[in-house]
Amino acid sequence: RTLPCTPMRSDAADGSERMALLQGMAYELESTNRSAEGCVHHANDVAMNSESADARQMDVECARTTGASAPPSATPGQQVLSLLKPVCVTMALVVFLAHALGKESVEGGFSSVMVYEERDSDSAATKAQGVMLNALVLVGDLFLVTTGLYCLYKLRCYRIIYGWLYLSVAVILFGSGAFVTSQLLNSANAAVDVISFYFAIYNYAAVGTLVVFWEELGLGEPPSTTKQAYLVLISALMAWSATTLSEWTTWGLLAAVALWDVVAVLTPHGPLRLLVEEAERRGDPIPGLVYEGTDIKLGLGDFVFYSVLVGRASMSGFVTLVACTVAVLAGLMATLALLPIVQRVLPALPISIAIGTGAYFLSASIITPLMVKAQGSSIFF
């Protein structure tokens, strides 16, 4: 910086002048730095405001895309409870129906795809062969259905897929619902005229089919509570129809379905895995009947087979029922606990079916006989 010329003064005065000049220069430099810092802070504020505006714009666009604002994130406990509650309700409904209706079987249920009917007079070898044959038939049906669904989805045949699903849900709600309702009314000796009965059943089935596929029909956000209630009811009706099967056929089918679940989800070319990956690649929901909890989903097939196991266990006594219920729920929680670890879709049946089956045979063969003997010996009052 160029300084102005000044006349010669004394050393003291000259020193004072130099000191004052240096202080002035320091003050000006500090002011300049403050101005520069203010400019930097202002630029940062502008950038942050711009980023906030961009983020808000992205949130708005996301809300427009999804049709609603994103719900607040739930805790892990809330996520688990969002699935445990409907699973428990489904199992309770199946246990109630199994005891209220007994062996009454509706046409078109699981018994319609069984090729072997177990008899008490059959030998152990005959029963084993028949159970294996029934298991192979059921797994074959699941393979054909799942593979067909994947092929149709791959070819974007959405109308065929959802037409098939609409028909399936309508048949379950109307056919099985009408049968179960009529049997419950008969057991309660309640008289209802035919016209009123079928009018009510028709409306209940029509509303249920509409609610389950509310979004697919382009009607916006579905009434979530009503949709979840219908999904639980559909699961209970399907599971109850399987509790009318013979004991060893039931256990054979549960084991076969659990193994199929592993193959279909975890193997590289499993049809369920391919279907999920294709849906994720497109950014579309998975076509099918899926229960949506809080940030987590579970297929209705899992609801069905959990409830089949518990419904069958309830026929062996209260202790076996409690043991299998706790085992199934523990298996489900273990599966959910593995999700954040493996970071991929997992089959929900194997752990629960394995623990539940072990709990059944342990309880039915050891715990229940011990309790009966203890009661006979007046150990328990």
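The values are calculated or read from the model by the stated rules, or taken from the named source; none is laboratory data. In this text, all values refer to a predicted model and were calculated from it rather than measured experimentally. Please note: Cβ atoms are built from the backbone with ideal geometry, for glycine as well, and neighbour counts cover all protein chains shown. Calculation scope for accessible area: heavy atoms of the full protein, side chains included, ligands and nucleic acids excluded. Shrake-Rupley method; radii C 1.70, N 1.55, O 1.52, S 1.80 Å.
Comparing Cys151, Thr209, Gly177 along the charge dipole axis of the stretch 148-248, the residue lying farthest to the positive side is Cys151, per the Cβ-charge model. To the nearest 0.05, how large is the calculated FRET efficiency for Leu81 and Ser123 if R₀ is 51 Å and r is the Cβ-Cβ distance? Calculated transfer efficiency: 0.60.
A cut-off under 12 angstrom between Cβ atoms defines the neighbours of Gly130, and their net charge, with Lys, Arg +1 and Asp, Glu -1, is -1. Listed peptides 309-319, 219-229 appear in the order 309-319, 219-229 once ranked by packing, highest mean of other Cβ atoms within 10 Å at the front.
Over the stretch 108-217, with every protein chain in place, what whole percent of the accessible area is carbon and sulfur at 1.4 Å, could you tell me? Write out the running numbers ahead of the final one.
Numbers: 4440 of 6610 Å².
After summing per-atom areas, the C and S share lands at 67 percent.
With the cut-off at 17 Å, report for the stretch 335-381 the share of all Cα pairs above it, as a whole percent. That tail contains 56 percent of the Cα-Cα pairs. Placing +1 on the Cβ of every Lys and Arg and -1 on the Cβ of every Asp and Glu, with nothing else charged, gives the stretch 77-377 a dipole about its Cα centre of roughly 360 debye.
Plugging the Kirkwood radius over Cα pairs into Stokes-Einstein for the stretch 77-377, at a temperature of 10 °C and a viscosity of 1.306 mPa s, what D comes out in µm²/s? All intermediate terms of the calculation are to be shown ahead of the outcome.
On the way: Rh = 20.5 Å.
Estimated diffusion coefficient is 78 µm²/s.
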